[in-house]
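Scroll down for the structure; my scribbles are underneath it.
The values are calculated or read from the model by the stated rules, or taken from the named source; none is laboratory data. No experiment lies behind these values; they were computed from the predicted model shown. A quick note on method: Cβ atoms are made from the backbone with ideal geometry, for glycine too, and the neighbour counts reach across all protein chains shown. For the accessible areas, the whole protein counts, side chains as well, though only heavy atoms, and no ligand, DNA or RNA atoms are used. Shrake-Rupley method; radii C 1.70, N 1.55, O 1.52, S 1.80 Å.
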Amino acid sequence: MVKAFGYGSGSWEIANLLQFHGVDYLGVAYADEGVTLRKGGIRMPIMVMNTENSGFSSLVEYNLEPVIYSFSLLESFDRWLKKEGLTAFPVHVELETGMNRLGFPAAELDRLLKALPTAAFKVQSAFSHFAASEDAGQDAFSLAQWEAYKKAADRLEATLGYPFIRHIANSAAIVRLPQLQMDMVRLGIGLYGIDSADSNQLDLQEVSTLKTTIAQIKHLSEGDTVGYNRKGVAAAGTVIATVRIGYADGYGRRFANGVGKMWVAGRLAPTIGIISMDMTMIDITGIPDVHEGDEVIVFGKELSVRQLAKWAQTIPYEILTGISQRVKRIYFEE
């Protein structure tokens, strides 16, 4: 999965590496993401998870394979293809088994089986999506999803008269529920070094480091205030550093007033005051040998993105995908 700008890491750069290593498929959310990859020279099959009618021409022009998840989409794309004189266009069918996001539910399966054989499609794969594969307490539900998917896929293959790729396992299921792997698995957040199941079964290493530098250091007196609305209040002898990152870069306001911390000269320095658009102030009191221009780690080897997510009461997905594209990406290759 290289959607959402490669989970914040750069979609083309990640896709190019995966193509070099012979991965079978890439997954993106929208057709525009796939078009960008094609223009960058990515030749491997690309699955578009959330297709819109306005993107039909791009799908065909750039050889992108849409997911068909509803009858309105099935019928409109089928009509469009036939109008263009196209047949056997590669598509993927999403089957609803309990996520209740996109997909054909079991109650609509009979209608789907009647519609697909006469549509201008060639079904490349049929899949479903686990709702809670990272949670051991939900394993019975995950197993029920797998059984429902397998039953629907069997009926679909019998109706179509040809085999297709079957897949349901996401990153957490790949690790926790290997018995539910099928022809293909969809590696998402795990590709970027995050074990969403906290399984500790693989020694995953987070691939990204977010760093910035100190713009200015200030020595404050007791009672001095910091930032907008004077939300930060200094104690006697407080030393602060203003660093070059803010909510426009993806370091959100939720990290204000000590909720977030950054790694400075081998120590954690808490935020002080409200996060600004382009700058954040951190309390470096008692941390020796800190100078203007010094490097500050927002997350990386020294400070896990998972820890940031816990402080912000969210998940690593949101932190990684929220890093603005104005933040410069530098890639290292071994």
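Odds and ends about this structure:
- When the charge dipole of the range 80-185 is built from unit charges on Cβ atoms (+1 for Lys and Arg, -1 for Asp and Glu) and taken about the Cα centre, the candidate among THR159, GLY103, THR87 whose Cα reaches farthest toward its positive end is THR87.
- Principal axis extents of the C-alpha atoms in the range 1-125 (largest first, rounded to whole Å): 41, 36, 25.
- Counting only lysines at least 8 places from LYS122 when in the same chain, those with an alpha carbon closer than 24 Å to its own are LYS3, LYS82, LYS83, LYS114, LYS150, LYS151.
- Cross-link pairs LYS211/LYS301; LYS218/LYS301; LYS39/LYS328 - those with Cα-Cα distance over 19 Å: LYS218/LYS301; LYS39/LYS328
- Phi-derived couplings, Karplus 6.51 cos²θ - 1.76 cosθ + 1.60 at θ = phi - 60°, listed residue by residue for the range 211-216: 10, 9, 9, 7, 8, 7 Hz, with x used for Gly and Pro.
- About the Cα centre, charge dipole magnitude for the chain (Lys/Arg +1, Asp/Glu -1 at Cβ), debye: 520 debye
- Rough spin-label spacing in nm, given labels placed 7 Å along Cα→Cβ, for LEU202 and ASP289: 3.8 nm
- Whole-Hz couplings from phi, Karplus 6.51/-1.76/1.60, listed for the range 317-334; x for Gly and Pro: 3, 5, 5, 5, 6, x, 6, 4, 6, 6, 6, 5, 9, 10, 10, 10, 10, 8
- For PHE121, distant residues with modelled amide H under 5 Å away: ALA88, PHE89
- Probe 1.4 Å, accessible area per residue of the range 96-193, Å²: 45 Å²
- GLU222-ARG43 FRET efficiency (beta carbon distance; Förster radius 41 Å; 0.05 resolution): 0.05
- Taking the convex hull of Cα positions in the range 64-156, its mean projected area over all directions (nm²): 6.2 nm²
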